[in-house]
Amino acid sequence: MTTALWRVATADGPRLARGTVEAGPAELLEDELTLARLLADDGPGLADLTVLPAMGPVTGPAPATARPLAPVDAQPIWAAGVTFQRSREARKEESHGLDFYDHVYDAVRPEIFLKALPGTARGPGQDIGVRRDSTWDVPEPELGVVADASGRAVGYVLGDDVSSRSIEGENPLYLPQAKIYDGSCAIGPCVVPLAEAPPLAEMRISLIVRRAGVTEFEDTVHLARMRRTVDDLLDWLFAACSFPDGGVLLTGTSIVPPEDFTLSDGDEVEIAATGLGSLINGVRLVGAPAGKGAAS
């Protein structure tokens, strides 16, 4: 069984819980403990509270009705782009062959962008969104790295970098609109400390999209195909930014559905990875139709 840190909804508000990836949250941790406190420079540390038995400040069993939440609190979520060959190809397809994505793939400096502000990421079982003013939308399954305040990787989590390929492909300067909107990011189901996770070279990540109960798209890829290392990406993220509460970085997608696929209202997206469990979310339309957001 793989030990993990969960964040759950209780009658007294969100609480951290210790449990396993396979069985879910089992023990509630002390009331005032947050992920931000764990990741702070002077915090007790993620591994101490999740890996070592009987060492964490446990206050009692997690209620059977405790609903898993996105396992983050004060952490912003950032994302890296074009870190896999498939992502490079997909970006060129949507932008009709523009070669600046080749430069990003081969450059020393990676593409890194803000994906979700603290408190905005969707958790397990919550709906992700696709924009009404977009015509081509895809989930992007990614390995998320949880970093402490010093920029050190301390855990892994699954993430979904939901993206509008039609908006991004229209103009690369539209990237924030293609990447950041209501429901554009999901994360979960739990945080797995690095000491508990399998080696990155042995991990596979998978994506399944179901429509009316039928599998519409499915693929699996080895994460070892990632061009950049986790430490390199974190070094760039922390190069000129401070994260006193820690942060999360999605490391890029290796799975991009083909041009004839787009997410639809009512779909179900499942992302899974070796040793990290699975993240399942429904899909709902968000925002105004095309042109309704234009200034009058």
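The values are calculated or read from the model by the stated rules, or taken from the named source; none is laboratory data. Just so it is clear, the model here is predicted, and its values are computed rather than measured. FYI the Cβ positions are ideal-geometry reconstructions off the backbone, even for glycines, and counts take in every protein chain you see.
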Boolean, Leu69 is more than 21 Å from Leu194 (Cβ to Cβ), buried (at least 19 other Cβ atoms within 10 Å of the Cβ), in contact with a Gly (Cβ under 7 Å, 6 or more places away or on another chain) and at pLDDT 90 or above: yes
Where in region 1-65 are there strands (runs of 3 or more DSSP E), lying wholly inside it, with at least 1 residues that are surrounded by 15 or more Cβ atoms within 10 Å (Cβ to Cβ) and not β-branched (Val, Ile, Thr)? 3-10, 13-20, 24-29
Out of the residues in region 227-242 meeting the condition of being surrounded by 15 or more Cβ atoms within 10 Å (Cβ to Cβ) and out of contact with any Leu (no Cβ under 8 Å at 6 or more places or on another chain), tell me which one is modelled with the highest pLDDT. Phe238
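Look through region 162-199, keep the residues that are of a type in the set (A, V, I, L, M) and more than 17 Å from Ala272 (Cβ to Cβ), and return whichever of them is surrounded by the fewest Cβ atoms within 10 Å (Cβ to Cβ). Outline the logic, then answer.
Quick first cut of region 162-199, residues of a type in the set (A, V, I, L, M) only: 162, 167, 173, 175, 178, 180, 186-187, 191-192, 194-195, 197.
Keeping just the survivors that are more than 17 Å from Ala272 (Cβ to Cβ) gives 167, 173, 175, 178, 180, 194-195.
On the way: Ile167: 22, Leu173: 8, Leu175: 16, Ala178: 24, Ile180: 16, Leu194: 18, Ala195: 13.
Only one residue fits best here, namely Leu173.
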Condition set touching a Ser or Thr at 6+ places or on another chain (Cβ under 6 Å) and of a type in the set (S, T, N, Q), scope region 128-175, selection nearest to Ile280 (Cα to Cα): answer is Ser164
Are there any pairs, at least 6 apart or on different chains, whose C-beta atoms fall under 6 Å, with the first in region 208-230 and more than 12 Å from Ser264 (Cβ to Cβ) and the second assigned to a strand (DSSP E or B) and among the charged types (D, E, K, R), and if so, which? Ile208/Glu218; Ile208/Glu270; Thr220/Arg204; His222/Arg204
Checking Ala273, Ala290 in turn, the sole residue that is touching a helix residue (DSSP H, G or I) at 6+ places or on another chain (Cβ under 8 Å) and in contact (Cβ under 8 Å) with a residue 60 or more places away in the chain turns out to be Ala273
Considering only region 88-102, I want to know if a residue exists there that is among the aromatic types (Phe, Trp, Tyr), part of a strand (DSSP E or B) and either modelled with pLDDT of 95 or more or surrounded by fewer than 20 Cβ atoms within 10 Å (Cβ to Cβ) (or both). no
